[in-house]
Amino acid sequence: MTRFKKRKAEMLDNELASIRARTDRIFAVLMWLQWIAGIALALFVTPYSWEGATQSIHVHVTIAVVLGGVISLLPLALAYLLPGHSMTRLALAVAQMMWSGLLIHLTGGRIETHFHVFGSLALLSYYLDWKVMLAATSVTVVDHLMRGAFMPESIYGLSNPEVWRSLEHGGWVIFEDFFLLISIRSSLKQIADGVEARVHNDYQITRNEEVVELRTLELRAASADLAERNKMLSEHSEALQRASELKSDFLANMSHQIRTPMSAILGYTDFLADVCQSESSQITSAISTIQKNGGHLLTIVSDILDLAKAEAGRIELQQVDYSLRGLLNDVADRMAVRARSKSLKLSVSCDNDMPELLNGDPARLRQILMNLVSNAVKYTDRGSISVQAVSRANANGMWVQLKVQDTGSGLTSEQIAQLQQPWTQSDDSSTRCPGIGLVIVRRLVDLMHGTLRVDSELGVGSSFFIDLPCRPGSAVLSPNSSAPTATRNRESLPPLDSIPEGLRVLVVDDCQDNQRLLQFLLRKMGAITAGAINGLAGIEAIADADSSGVGYDIVLMDMQMPVLDGYSAATRLRASGVTLPIIAITAYEGAVDRRRCLESGCSHYIAKPIQVDAFRDVILRAVSDRQEESRNIEACLGASC
């Protein structure tokens with residue numbers, strides 16, 4: 001109950017503070033208007049009031065300007081600097097009543113101007129503060145008594161008013177105060193009752209939420225117990241399937257939430273590694289540790305997401321042409337640094353009968369090989385690791401066998417049997433155990449209708465054999481062309497100077513850290529950059545740039561943003577006739593999301609976290625597309641001429 005009363009008092013104070021701050025602003029405006037009105041009265045009304053029909057610049061002009069400023073400036077300053085403060089409203093109350101007296105003086109004591117006093121008191125009652133009314137009434141009564149005695153003409157327009165007139169005016173002011181104070185008391189009670197009702201309602205909602213949460217926990221426990229008791233029923237199987245799908249959706253969203261900051265972490269770590277090459281070995285070692293563990297964390301996130309997708313049956317395989325030789329070389333390039341750090345020899349080979357192009361999913365195949373090679377490096381302290389690919393044909397068609405062999409710690413027969421049981425860990429951390437990486441490998445191999453086999457001898461090494469059905473690619477290579485791979489090596493990328501000077505790129509990303517990182521990488525490549533925080537702001541930025549005659553050449557578009565996401569923004573841009581390349585940036589890897597990005601109007605696709613080489617590659621391809629588009633436009637214009 002004490003917490004209830006404290007909350008009620010806080011909300012009541014906040015409500016009154018808001019009302020009084022608004023009233024402060026009203027009186028601040030009124031102060032300016034009264035000052036202007038006072039000067040106008042001194043110029044056009046006061047001369048006639050004090051000197052008959054003769055109009056001239058009277059001393060009251062000076063009184064209106066100077067005295068009006070003296071009355072107004074301090075309350076105005078407090079109204080702007082300390083809105084809602086008790087000192088502010090008391091100062092405004094005193095100043096307002098002094099303005100009533102000054103306006104009465106400037107009109108020569110006209111009876112109509114006396115109503116300004118009553119109007120001011122009514123406005124001051126908005127403060128809902130009896131102290132404000134007391135201060136205002138005191139100023140008015142003292143003003144009437146003092147000027148009634150010494151300057152009666154300035155307040156009553158008469159030289160010899162009755163003695164009781166000041167008392168009469170004071171009585172009418174107090175009479176109004178009586179009813180205003182009753183109104184203030186009633187208003188305060190209504191506000192307090194409303195606040196109490198809201199606090200009580202909030203309290204009840206909180207209590208209901210606690211009860212619901214408790215009941216929910218009890219129901220979950222009961223549901224889990226019921227599911228355990230009825231696990232042989234088909235309904236239980238369906239419930240598990242739905243739970244698996246919900247988990248997959250949750251992990252997909254978590255993947256976006258984790259990959260977005262990881263993109264900034266790894267990107268800026270790469271930047272630090274680049275600029276700190278000449279620093280001490282401790283600094284470079286620390287940066288290398290961040291890079292290594294950041295990459296490891298990202299791999300774990302990706303594996304968990306893929307495992308959830310596999311359990312829900314939501315992994316879709318691509319069917320594209322790719323070069324297996326190029327893919328093997330790419331895996332070797334990626335793992336070379338880790339192998340060299342342990343003085344291991346890493347080699348890859350592909351037999352001569354292997355077709356130049358195969359048709360399948362190169363991204364998933366690379367994931368399989370990366371997991372196996374990474375596992376081999378982890379558990380091999382000396383010797384070598386080799387990756388071999390051979391093709392063979394049988395009655396069922398063409399097959400490819402991939403063999404990953406190491407000279408590591410090896411596996412016992414019990415550990416090999418555990419490969420069918422995910423999430424197990426050997427007691428000895430130096431021996432190999434079937435973790436999530438190998439579980440992902442097994443799931444992907446099954447999805448590709450292949451087989452996984454392990455030969456191992458403890459203390460000698462292990463060999464993982466993967467047999468996959470495949471078919472040759474349908475593309476035809478020219479003598480001077482190279483087979484496509486899923487990614488390019490650093491040596492095969494075009495030089496940075498292939499980016500045209502003055503290339504203008506708009507980066508649309510709601511994460512400021514990632515936006516700054518992308519702009520930094522682009523400026524390092526020689527581009528001119530600008531940013532937008534969501535899809536709607538990006539559309540407006542493109543329209544503004546086009547109208548000014550300096551449009552953008554490329555747009556980098558994050559797909560997951562508030563207000564307007566990247567998918568909708570790309571669709572709107574294409575519908576409005578925008579043809580410039582749009583590069584989708586997303587944390588959701590896979591064929592489904594890639595297809596969704598392309599269908600929404602994006603030209604290219606890159607996944608978070610941003611790898612510098614892949615980022616440079618996609619920018620250069622977008623530049624090439626833009627240049628090709630410009631050449632086609634010029635050719636069409638030339639043909640029309």
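Worth pointing out:
- Local charge for Trp130 was computed over the other residues whose Cβ lies under 11 Å away, with Lys and Arg +1 and Asp and Glu -1, and equals 0.
- Environment charge at Gly601 (Cβ cut-off 9 Å; Lys +1, Arg +1, Asp -1, Glu -1): +1
- Whether the range 307-381 is rounded, prolate or oblate, judged on the alpha carbon gyration tensor where a/c under 1.5 counts as rounded: oblate
- Amide H to amide H, with H built 1.01 Å from N, Cys350 comes under 5 Å of Ala389, counting only residues 5 or more places away or on other chains.
- Computed accessible area, Lys5, all protein chains, 1.4 angstrom probe, square angstrom: 130
- Part-to-part distance (alpha-carbon centres) for the range 552-568 and the range 183-240, which is given in Å: 38
- Protein-only accessible surface at a 1.4 angstrom probe places the residues Lys345, Lys608 in the order Lys345, Lys608, largest first.
- Placed amide H near Gly531: partners under 5 Å, 5+ positions off or other chain: Val507
- Sparsely packed chymotrypsin sites (Phe, Trp or Tyr not before Pro) within the range 129-222, loop by DSSP, other Cβ within 10 Å at most 11: Trp164
- Vicinal HN-Hα couplings computed from phi for the range 140-147 (Karplus, 6.51 cos²θ - 1.76 cosθ + 1.60; Hz; Gly/Pro x): 5, 5, 4, 4, 5, 5, 5, 6
- Bins of 10 Å from zero: percent of alpha-carbon pairs in the range 499-639: 12, 46, 35, 7, 1
- Estimated FRET transfer efficiency (Ala395, Ile300; beta-carbon r; R0 41 Å; 0.05): 0.50
- Rounded if a/c under 1.5, otherwise prolate or oblate - the range 72-137, Cα gyration tensor axes: oblate
- Alpha carbon centroid spacing (whole Å) that separates the range 501-540 from the range 328-384: 35
- Residues whose amide H comes within less than 5 Å of that of Gly383, counting only those at least five positions distant or on another chain, are Lys345 (H built at 1.01 Å from N in the peptide plane).
- Protection proxy ranking, highest mean first, for peptides 332-340, 84-92, 357-365, 552-560: 552-560, 357-365, 84-92, 332-340, where packing is the per-residue count of other beta-carbon atoms within 10 Å, averaged.
- Other residues lying with their Cβ under 12 Å from the Cβ of Ala545 contribute a combined charge of -3, Lys and Arg counting +1, Asp and Glu -1.
The values are calculated or read from the model by the stated rules, or taken from the named source; none is laboratory data. Just so we're clear, the structure is a prediction, and the values are computed from it rather than from any experiment. Note that each Cβ is placed from the backbone with ideal geometry, even for glycine, and that neighbours are counted across all protein chains shown. Remember, those area values only see protein heavy atoms, side chains included, never the ligands or the DNA or RNA. Shrake-Rupley method; radii C 1.70, N 1.55, O 1.52, S 1.80 Å.
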